1. Here is a check on your reading of the model: is Val53 out of contact with any strand residue (DSSP E or B) (no Cβ under 8 Å at 6 or more places or on another chain) and assigned by TED's automatic domain parsing to the domain that holds Arg19?
2. Using the structure shown, decide if Glu92 is charged (D, E, K, R), in the same structural domain as Tyr134 (by TED's automatic domain parsing), surrounded by fewer than 16 Cβ atoms within 10 Å (Cβ to Cβ) and under 14 Å from the mean Cα position of the chain (by Cα).
3. Taking the stretch 2-22 as the region of interest, how many residues are assigned to a loop (DSSP other than H, G, I, E, B), surrounded by 15 or more Cβ atoms within 10 Å (Cβ to Cβ) and out of contact with any Asp or Glu (no Cβ under 7 Å at 6 or more places or on another chain)?
4. Find the residue count for the stretch 66-123, including only residues that are more than 30 Å from Lys22 (Cα to Cα) and β-branched (Val, Ile, Thr).
Amino acid sequence: MKYKAGDKVRIRQWEALKRQYKLDEDGDIPKIGFLKMMKEYCGKTVTINQIDVTLDRYKIKEDNGIWYWYEEVFEGYAFEFGEEAEFSDDKEDWCKRIYLGYIDGAEYPYVCVSGSYRENFRNGEKYISNKWRYARPIQKKHIIIIDGKEIKISEESYQKLKESLK
C-alpha cells in the first residue's frame with residue numbers, strides 16, 4: 001500500500017470524484033466506497049492512522065476511524081504551498097522541487113517551481129513552473145558500503161535490511 005500511518009494526504013474534491021465515478025440513487029459512490037456523509041472531508045488534509053492491508057483500505061484520524069477510505073479517494077500526499085518534496089514522471093527518477101499546487105484529474109497534476117528557479121521563488125521574483133505525474137515526501141537516504149563501494153538505499157530498503165540482520 002502506498003501510504004503509512006502518520007502520512008498526511010489530501011482528499012479529492014467532490015466535483016472531481018463525481019466526474020470520474022458516477023453517483024448512485026442515494027448520492028454515494030459505491031465503486032470506491034465513498035458515502036455522501038464523507039463529502040465534508042473533500043479537499044481537506046487528513047492523517048492516515050490505520051491501514052487494512054487485507055482489503056487495501058485506510059482509516060483516518062479526522063473522522064475518528066469511522067469510515068474506511070480507499071486510495072482512489074486521495075489526491076496524494078498533502079503538501080503545503082512552498083514546501084519541498086520529490087517529484088517524478090516515472091517513479092524511478094525523483095528530483096526535489098518546490099510544491100505549488102495540484103490539478104485534480106490532470107495527467108500531470110503536481111505543479112512545482114522549475115529547478116533552476118528556486119531562488120526566484122524564495123525571493124518573491126517571477127519563476128517558471130512545471131508539472132509532474134507523481135509526488136512524495138523527501139526520502140531519507142542511507143549509504144551502505146559494500147566492498148569499498150558506496151551505495152545509496154531508501155529508508156524502506158534500509159529498514160528491511162536492518163530487520164533481516166536481527
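1. yes
2. Here the answer is no, as Glu92 does not meet what is asked.
3. 3
4. 2
Okay, residues lined up against (1) surrounded by fewer than 18 Cβ atoms within 10 Å (Cβ to Cβ); (2) of a type in the set (S, T, N, Q); (3) over 30 Å from Lys31 (Cβ atoms); (4) over 13 Å from the mean Cα position of the chain (by Cα):
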residue	(1), (2), (3), (4)
Ile66	yes, no, no, yes
Trp69	no, no, no, yes
Ala78	no, no, no, no
Ile98	no, no, yes, yes
Pro109	yes, no, no, no
Arg118	yes, no, yes, yes
Asn123	yes, yes, yes, yes
Arg133	yes, no, no, no
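The values are calculated or read from the model by the stated rules, or taken from the named source; none is laboratory data. These numbers come from a predicted model, not from an experiment. As a convention, Cβ positions derive from the backbone with ideal geometry for all residues, glycine included, and neighbour counts pool all protein chains shown.
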